[in-house]
Amino acid sequence: ETLDKGLEKSKTSFFDKLNKAVAGKSKVDDDVLDNLEEVLVSSDVGVTTTLKIIKRIEARVAKDKYVGTDELNKILREEIAGLLSEIDSGNETEFKLPKHENGPHVIMVVGVNGVGKTTTIGKLAKQCKNAGLKVVLGAADTFRAAAIDQLQIWADRTDVPIVKQEMGSDPASVAFDTLQSAVQQNADVVIIDTAGRLHNKVNLMNELTKVKRVMQKVIPNAPHDVMLVLDGSTGQNAFEQAKQFTAATEVTSLAVTKLDGTAKGGVVIGISDQFQIPVKYIGVGEGINDLQIFNKFEFVDSFFK
Ligand code: GDP
(Lines give C-alpha, C1' and ligand atoms only; values in the text may rest on other atoms or scores of the structure.)
Protein backbone atom coordinates (compact mmCIF):
# COMPACT_ATOMS: atom_id res chain seq x y z
CA GLU A 1 0.00 0.00 0.00
CA THR A 2 2.81 2.39 0.91
CA LEU A 3 4.63 1.40 -2.25
CA ASP A 4 1.62 2.36 -4.32
CA LYS A 5 1.46 5.66 -2.55
CA GLY A 6 5.16 6.41 -2.88
CA LEU A 7 5.11 5.61 -6.55
CA GLU A 8 1.88 7.43 -7.27
CA LYS A 9 3.42 9.60 -9.96
CA SER A 10 5.33 6.85 -11.71
CA LYS A 11 2.38 4.58 -11.55
CA THR A 12 -0.29 6.90 -12.81
CA SER A 13 1.71 8.15 -15.70
CA PHE A 14 3.02 4.80 -16.84
CA PHE A 15 -0.36 3.18 -16.57
CA ASP A 16 -2.09 6.04 -18.36
CA LYS A 17 0.37 6.07 -21.19
CA LEU A 18 0.18 2.34 -21.48
CA ASN A 19 -3.55 2.38 -21.69
CA LYS A 20 -3.44 5.10 -24.28
CA ALA A 21 -0.96 3.07 -26.27
CA VAL A 22 -3.31 0.14 -26.52
CA ALA A 23 -6.65 1.92 -26.30
CA GLY A 24 -9.09 0.93 -28.95
CA LYS A 25 -6.69 -1.62 -30.38
CA SER A 26 -7.99 -5.07 -30.85
CA LYS A 27 -4.82 -6.70 -32.03
CA VAL A 28 -1.09 -6.48 -31.57
CA ASP A 29 0.08 -4.87 -34.76
CA ASP A 30 3.06 -2.69 -35.57
CA ASP A 31 1.15 0.34 -34.40
CA VAL A 32 0.61 -1.11 -30.93
CA LEU A 33 4.22 -2.23 -30.69
CA ASP A 34 5.43 1.21 -31.76
CA ASN A 35 3.25 2.83 -29.14
CA LEU A 36 4.47 0.48 -26.45
CA GLU A 37 8.03 1.21 -27.42
CA GLU A 38 7.38 4.89 -27.08
CA VAL A 39 5.78 4.50 -23.65
CA LEU A 40 8.68 2.43 -22.36
CA VAL A 41 11.35 4.75 -23.73
CA SER A 42 9.59 7.85 -22.42
CA SER A 43 9.35 6.22 -18.99
CA ASP A 44 13.15 5.94 -19.00
CA VAL A 45 13.31 2.18 -19.39
CA GLY A 46 16.10 2.83 -21.90
CA VAL A 47 16.31 1.83 -25.54
CA THR A 48 18.20 -1.45 -25.07
CA THR A 49 15.83 -2.84 -22.48
CA THR A 50 12.78 -1.50 -24.32
CA LEU A 51 13.75 -3.36 -27.48
CA LYS A 52 14.29 -6.49 -25.43
CA ILE A 53 10.79 -6.20 -23.97
CA ILE A 54 9.21 -5.50 -27.36
CA LYS A 55 10.97 -8.54 -28.83
CA ARG A 56 9.63 -10.72 -26.07
CA ILE A 57 6.13 -9.49 -26.60
CA GLU A 58 6.44 -10.09 -30.31
CA ALA A 59 7.68 -13.59 -29.66
CA ARG A 60 4.82 -14.26 -27.33
CA VAL A 61 1.95 -12.76 -29.21
CA ALA A 62 1.62 -13.67 -32.84
CA LYS A 63 1.52 -10.39 -34.68
CA ASP A 64 -1.90 -9.21 -35.76
CA LYS A 65 -3.51 -11.67 -33.42
CA TYR A 66 -6.44 -10.43 -31.43
CA VAL A 67 -5.47 -9.57 -27.86
CA GLY A 68 -7.54 -7.37 -25.60
CA THR A 69 -6.09 -4.48 -23.61
CA ASP A 70 -6.24 -6.41 -20.36
CA GLU A 71 -4.41 -9.34 -21.80
CA LEU A 72 -1.79 -7.13 -23.39
CA ASN A 73 -1.25 -5.41 -20.05
CA LYS A 74 -0.88 -8.77 -18.39
CA ILE A 75 1.64 -9.96 -20.94
CA LEU A 76 3.68 -6.79 -20.62
CA ARG A 77 3.68 -7.04 -16.87
CA GLU A 78 4.83 -10.64 -16.96
CA GLU A 79 7.59 -9.89 -19.43
CA ILE A 80 8.92 -6.99 -17.36
CA ALA A 81 8.82 -9.02 -14.15
CA GLY A 82 10.53 -11.84 -16.04
CA LEU A 83 13.28 -9.50 -17.11
CA LEU A 84 13.90 -8.39 -13.54
CA SER A 85 13.77 -12.01 -12.42
CA GLU A 86 16.85 -12.79 -14.45
CA ILE A 87 18.78 -10.85 -11.86
CA ASP A 88 18.92 -12.95 -8.76
CA SER A 89 17.47 -10.48 -6.31
CA GLY A 90 14.48 -8.36 -5.57
CA ASN A 91 12.50 -11.16 -3.97
CA GLU A 92 12.77 -9.78 -0.48
CA THR A 93 9.85 -8.25 1.29
CA GLU A 94 11.53 -7.44 4.56
CA PHE A 95 14.75 -5.82 5.67
CA LYS A 96 17.52 -8.34 6.12
CA LEU A 97 21.32 -8.16 5.99
CA PRO A 98 23.81 -11.02 5.90
CA LYS A 99 25.81 -11.90 9.01
CA HIS A 100 29.54 -12.57 8.93
CA GLU A 101 31.75 -14.50 11.32
CA ASN A 102 34.69 -12.14 11.22
CA GLY A 103 32.92 -8.88 11.93
CA PRO A 104 30.24 -6.51 10.70
CA HIS A 105 28.54 -6.40 7.32
CA VAL A 106 30.26 -3.57 5.46
CA ILE A 107 28.38 -1.46 2.93
CA MET A 108 30.34 1.08 0.90
CA VAL A 109 28.03 3.65 -0.61
CA VAL A 110 28.98 5.38 -3.86
CA GLY A 111 27.27 7.92 -6.08
CA VAL A 112 27.54 11.54 -7.21
CA ASN A 113 26.56 14.46 -5.00
CA GLY A 114 22.93 15.34 -4.83
CA VAL A 115 21.49 11.93 -5.75
CA GLY A 116 20.42 11.28 -2.17
CA LYS A 117 23.40 9.30 -0.92
CA THR A 118 23.47 10.75 2.60
CA THR A 119 19.70 10.53 2.97
CA THR A 120 19.76 6.91 1.85
CA ILE A 121 22.49 6.11 4.38
CA GLY A 122 20.43 7.75 7.12
CA LYS A 123 17.30 5.85 6.16
CA LEU A 124 19.28 2.63 5.98
CA ALA A 125 20.75 3.26 9.44
CA LYS A 126 17.22 3.68 10.73
CA GLN A 127 16.12 0.37 9.19
CA CYS A 128 19.12 -1.35 10.76
CA LYS A 129 18.22 0.06 14.15
CA ASN A 130 14.62 -0.98 13.73
CA ALA A 131 15.87 -4.48 13.01
CA GLY A 132 17.89 -4.42 16.22
CA LEU A 133 21.24 -4.17 14.44
CA LYS A 134 24.14 -2.13 15.77
CA VAL A 135 25.31 0.32 13.11
CA VAL A 136 28.39 2.53 12.70
CA LEU A 137 28.60 5.22 10.02
CA GLY A 138 31.84 6.33 8.37
CA ALA A 139 32.17 9.81 6.84
CA ALA A 140 34.67 9.00 4.11
CA ASP A 141 33.36 11.72 1.79
CA THR A 142 36.01 14.08 3.09
CA PHE A 143 35.97 16.28 0.02
CA ARG A 144 33.10 18.50 1.16
CA ALA A 145 32.59 19.75 4.70
CA ALA A 146 28.84 19.69 4.03
CA ALA A 147 28.95 15.95 3.37
CA ILE A 148 30.46 15.29 6.80
CA ASP A 149 27.97 17.65 8.47
CA GLN A 150 25.02 16.08 6.69
CA LEU A 151 26.04 12.60 7.74
CA GLN A 152 26.48 13.84 11.30
CA ILE A 153 22.90 15.13 11.22
CA TRP A 154 21.65 11.72 10.15
CA ALA A 155 23.80 10.04 12.80
CA ASP A 156 22.19 12.26 15.45
CA ARG A 157 18.73 11.74 14.04
CA THR A 158 19.09 7.96 14.11
CA ASP A 159 21.20 7.91 17.26
CA VAL A 160 23.97 5.95 15.59
CA PRO A 161 27.73 6.41 16.14
CA ILE A 162 29.72 8.07 13.40
CA VAL A 163 33.45 8.04 12.68
CA LYS A 164 34.79 11.15 10.99
CA GLN A 165 37.88 13.26 10.50
CA GLU A 166 38.60 16.74 9.24
CA MET A 167 37.50 17.79 5.81
CA GLY A 168 40.26 16.99 3.33
CA SER A 169 41.61 14.04 5.28
CA ASP A 170 42.33 10.72 3.60
CA PRO A 171 39.05 8.86 2.91
CA ALA A 172 40.83 5.53 3.25
CA SER A 173 42.00 6.52 6.70
CA VAL A 174 38.43 7.35 7.74
CA ALA A 175 37.24 4.00 6.38
CA PHE A 176 40.01 2.21 8.28
CA ASP A 177 39.11 3.95 11.55
CA THR A 178 35.43 3.24 11.03
CA LEU A 179 35.98 -0.47 10.54
CA GLN A 180 38.28 -0.71 13.53
CA SER A 181 35.82 1.15 15.69
CA ALA A 182 32.97 -1.04 14.46
CA VAL A 183 34.89 -4.22 15.25
CA GLN A 184 35.72 -2.92 18.73
CA GLN A 185 32.09 -2.03 19.34
CA ASN A 186 30.96 -5.38 18.05
CA ALA A 187 28.77 -3.68 15.45
CA ASP A 188 26.61 -5.62 13.02
CA VAL A 189 26.68 -3.16 10.15
CA VAL A 190 29.05 -0.48 8.85
CA ILE A 191 27.91 2.05 6.27
CA ILE A 192 30.66 4.08 4.64
CA ASP A 193 29.91 7.24 2.69
CA THR A 194 32.35 8.06 -0.13
CA ALA A 195 32.99 11.07 -2.32
CA GLY A 196 31.28 10.99 -5.69
CA ARG A 197 33.28 13.24 -7.90
CA LEU A 198 33.06 12.13 -11.47
CA HIS A 199 35.18 14.79 -13.11
CA ASN A 200 38.13 12.46 -13.19
CA LYS A 201 37.46 8.80 -13.77
CA VAL A 202 40.97 7.66 -12.91
CA ASN A 203 40.88 9.54 -9.61
CA LEU A 204 37.53 8.04 -8.73
CA MET A 205 38.79 4.55 -9.50
CA ASN A 206 42.01 5.07 -7.56
CA GLU A 207 40.22 6.49 -4.56
CA LEU A 208 37.60 3.75 -4.36
CA THR A 209 40.24 1.07 -4.89
CA LYS A 210 42.35 2.50 -2.10
CA VAL A 211 39.43 2.78 0.31
CA LYS A 212 38.60 -0.86 -0.37
CA ARG A 213 42.19 -2.02 0.03
CA VAL A 214 42.60 -0.26 3.34
CA MET A 215 39.29 -1.61 4.64
CA GLN A 216 40.56 -5.10 3.90
CA LYS A 217 43.38 -4.61 6.36
CA VAL A 218 40.72 -4.68 9.06
CA ILE A 219 38.18 -7.05 7.51
CA PRO A 220 39.63 -9.19 4.68
CA ASN A 221 36.50 -9.46 2.52
CA ALA A 222 35.16 -5.95 3.09
CA PRO A 223 33.23 -4.25 1.63
CA HIS A 224 30.56 -6.93 1.29
CA ASP A 225 28.35 -4.62 -0.68
CA VAL A 226 29.20 -1.66 -2.91
CA MET A 227 25.94 0.18 -3.24
CA LEU A 228 25.48 2.75 -5.99
CA VAL A 229 22.87 5.41 -5.28
CA LEU A 230 21.13 6.85 -8.33
CA ASP A 231 18.54 9.59 -8.64
CA GLY A 232 15.61 7.93 -10.37
CA SER A 233 14.29 11.22 -11.66
CA THR A 234 17.33 11.93 -13.80
CA GLY A 235 16.79 9.37 -16.52
CA GLN A 236 19.70 9.24 -18.90
CA ASN A 237 22.01 10.81 -16.31
CA ALA A 238 21.37 7.90 -14.01
CA PHE A 239 22.30 5.50 -16.84
CA GLU A 240 25.48 7.47 -17.48
CA GLN A 241 26.44 7.44 -13.79
CA ALA A 242 25.82 3.70 -13.59
CA LYS A 243 28.16 3.29 -16.54
CA GLN A 244 30.91 5.36 -14.97
CA PHE A 245 30.73 3.85 -11.51
CA THR A 246 30.57 0.27 -12.76
CA ALA A 247 33.69 1.05 -14.79
CA ALA A 248 35.45 2.45 -11.72
CA THR A 249 34.55 -0.24 -9.20
CA GLU A 250 32.55 -3.43 -8.81
CA VAL A 251 29.08 -2.23 -7.93
CA THR A 252 27.03 -4.98 -6.26
CA SER A 253 23.72 -3.28 -5.59
CA LEU A 254 21.63 -0.24 -6.42
CA ALA A 255 19.49 2.17 -4.47
CA VAL A 256 17.28 4.31 -6.67
CA THR A 257 16.03 7.50 -5.03
CA LYS A 258 13.36 10.13 -5.65
CA LEU A 259 10.92 7.79 -7.31
CA ASP A 260 8.16 9.70 -5.55
CA GLY A 261 8.86 12.81 -7.58
CA THR A 262 9.09 11.32 -11.04
CA ALA A 263 6.83 9.90 -13.67
CA LYS A 264 9.74 7.86 -14.97
CA GLY A 265 10.14 4.90 -12.63
CA GLY A 266 11.08 2.80 -15.65
CA VAL A 267 14.68 3.73 -14.98
CA VAL A 268 14.72 1.02 -12.30
CA ILE A 269 13.83 -1.62 -14.88
CA GLY A 270 16.30 -0.37 -17.49
CA ILE A 271 19.34 0.11 -15.28
CA SER A 272 18.89 -3.12 -13.43
CA ASP A 273 18.58 -5.01 -16.72
CA GLN A 274 21.34 -3.25 -18.59
CA PHE A 275 23.94 -3.46 -15.84
CA GLN A 276 22.70 -6.72 -14.34
CA ILE A 277 22.88 -5.27 -10.85
CA PRO A 278 20.09 -5.89 -8.35
CA VAL A 279 18.11 -2.95 -7.03
CA LYS A 280 17.96 -3.35 -3.26
CA TYR A 281 16.22 -0.19 -2.13
CA ILE A 282 14.09 2.55 -3.56
CA GLY A 283 13.68 6.01 -2.09
CA VAL A 284 10.15 7.39 -2.16
CA GLY A 285 10.45 10.57 -0.12
CA GLU A 286 12.67 12.76 2.03
CA GLY A 287 11.57 11.31 5.35
CA ILE A 288 13.49 8.85 7.47
CA ASN A 289 11.05 6.04 6.73
CA ASP A 290 10.83 6.66 2.99
CA LEU A 291 13.15 3.86 1.97
CA GLN A 292 11.62 0.66 0.72
CA ILE A 293 13.02 -2.78 0.13
CA PHE A 294 12.82 -3.34 -3.60
CA ASN A 295 10.58 -6.19 -4.54
CA LYS A 296 10.29 -6.66 -8.30
CA PHE A 297 6.85 -8.20 -8.23
CA GLU A 298 5.37 -5.45 -6.10
CA PHE A 299 7.17 -2.85 -8.14
CA VAL A 300 5.94 -4.10 -11.51
CA ASP A 301 2.47 -4.70 -10.13
CA SER A 302 2.30 -1.14 -8.85
CA PHE A 303 2.64 0.11 -12.41
CA PHE A 304 -0.24 -1.90 -13.73
CA LYS A 305 -2.78 -1.45 -10.99
P1 GDP B 1 23.82 13.50 -1.48
O2 GDP B 1 24.51 14.76 -1.89
O3 GDP B 1 23.87 12.48 -2.54
O4 GDP B 1 24.28 12.99 -0.17
O5 GDP B 1 22.29 13.89 -1.36
P6 GDP B 1 21.36 14.14 -0.11
O7 GDP B 1 21.16 12.89 0.65
O8 GDP B 1 21.85 15.31 0.64
O9 GDP B 1 19.97 14.46 -0.83
C10 GDP B 1 19.83 15.50 -1.74
C11 GDP B 1 18.36 15.97 -1.70
O12 GDP B 1 17.51 14.94 -2.19
C13 GDP B 1 17.87 16.29 -0.31
O14 GDP B 1 17.05 17.42 -0.36
C15 GDP B 1 17.04 15.05 0.08
O16 GDP B 1 16.03 15.34 0.99
C17 GDP B 1 16.49 14.66 -1.27
N18 GDP B 1 16.13 13.24 -1.35
C19 GDP B 1 16.91 12.16 -1.08
N20 GDP B 1 16.23 11.00 -1.31
C21 GDP B 1 14.99 11.35 -1.72
C22 GDP B 1 13.81 10.61 -2.12
O23 GDP B 1 13.76 9.37 -2.16
N24 GDP B 1 12.72 11.36 -2.49
C25 GDP B 1 12.75 12.72 -2.47
N26 GDP B 1 11.64 13.36 -2.87
N27 GDP B 1 13.83 13.43 -2.13
C28 GDP B 1 14.93 12.76 -1.75
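The values are calculated or read from the model by the stated rules, or taken from the named source; none is laboratory data. If you're wondering where the values come from, they're calculated on a predicted model, not measured in any experiment. Don't worry about glycine lacking a Cβ; one is built from the backbone with ideal geometry, like all the others, and counts go over all protein chains shown. With ligands, DNA and RNA removed, areas are computed over all heavy atoms of the protein, side chains included. Shrake-Rupley method; radii C 1.70, N 1.55, O 1.52, S 1.80 Å.
Taking Cα atoms only, the orientation of helix 171-184 departs from the longest principal axis of the chain by about 80 degrees.
Determine the share of the stretch 106-196's accessible area contributed by carbon and sulfur atoms, expressed in whole percent, with a 1.4 angstrom probe. Don't skip to the answer; put the middle values down first.
Details: 1520 of 3240 Å².
Solvent-exposed carbon and sulfur of the stretch 106-196 make up 47 percent of the total.
Under a model in which nothing but the beta-carbon of Lys, Arg (+1) and Asp, Glu (-1) is charged, the stretch 66-163 shows a dipole of about 520 debye around its Cα centre. Here the 3J(HN,Hα) profile of the stretch 98-107, calculated from phi with Karplus coefficients 6.51, -1.76 and 1.60 at θ = phi - 60°, is x, 9, 10, 6, 9, x, x, 7, 10, 10 Hz, Gly and Pro shown as x. When the chain is described by a simple charge dipole with +1 on each Lys and Arg Cβ and -1 on each Asp and Glu Cβ, the residue from 127, 18, 186 located farthest towards its positive end is 186. The mean sequence separation of alpha-carbon pairs under 8 Å and at least six residues apart, normalised by the residue count of the chain, gives a relative contact order of 27 percent. Counting only protein heavy atoms and a probe of 1.4 Å, the accessible surface of the stretch 215-277 is 43% carbon and sulfur. Note on residue 167: accessible area is roughly 120 Å² with a 1.4 Å probe, heavy atoms of protein only.
Check each of the GluC sites (Glu not before Pro) in the stretch 74-138 and keep only those in coil by DSSP with at most 10 other C-beta atoms within 10 angstrom; list them in order. Mind dumping the intermediate values first?
Values: sites: 78, 79, 86, 92, 94, 101; in loops: 86, 92, 94, 101.
Those satisfying the criteria are 86, 94, 101.
With all protein chains in place and a 1.4 Å probe, the accessible surface of the stretch 38-87 carries 52 percent carbon and sulfur.
According to the Kirkwood relation over distinct C-alpha pairs, the hydrodynamic radius of the stretch 45-162 is 18.2 Å.
If I take all pairs of Cα atoms in the stretch 177-283, what percentage of them are more than 20 Å from each other?
Numbers: 2553 of 5671 pairs.
Summing the P(r) tail past 20 Å for the stretch 177-283 gives 45 percent.
Relative to the dominant Cα principal axis of the chain, helix 117-130 is inclined by about 80°.
Surface analysis of the chain yields an accessible area of 43 Å² per residue, using protein heavy atoms and a 1.4 Å probe.
Order 224, 105, most accessible first, counting only protein heavy atoms with a 1.4 angstrom probe.
Numbers: 224 45, 105 5 Å².
Per-residue accessible area, sorted high to low, gives 224, 105.
Each distinct pair of alpha carbons in the chain adds a 1/r term; the inverse of their mean, the Kirkwood radius, is 20.1 Å.
Do you know the relative contact order of the stretch 8-128, to the nearest whole percent, from alpha carbon pairs under 8 angstrom that are 6+ apart?
About 21 percent, as a whole number.
Residue 65 sits with roughly 110 Å² accessible to a 1.4 Å probe, with DNA, RNA and ligands left out of the calculation. Taking Cα atoms only, the orientation of helix 47-60 departs from the longest principal axis of the chain by about 40 degrees.
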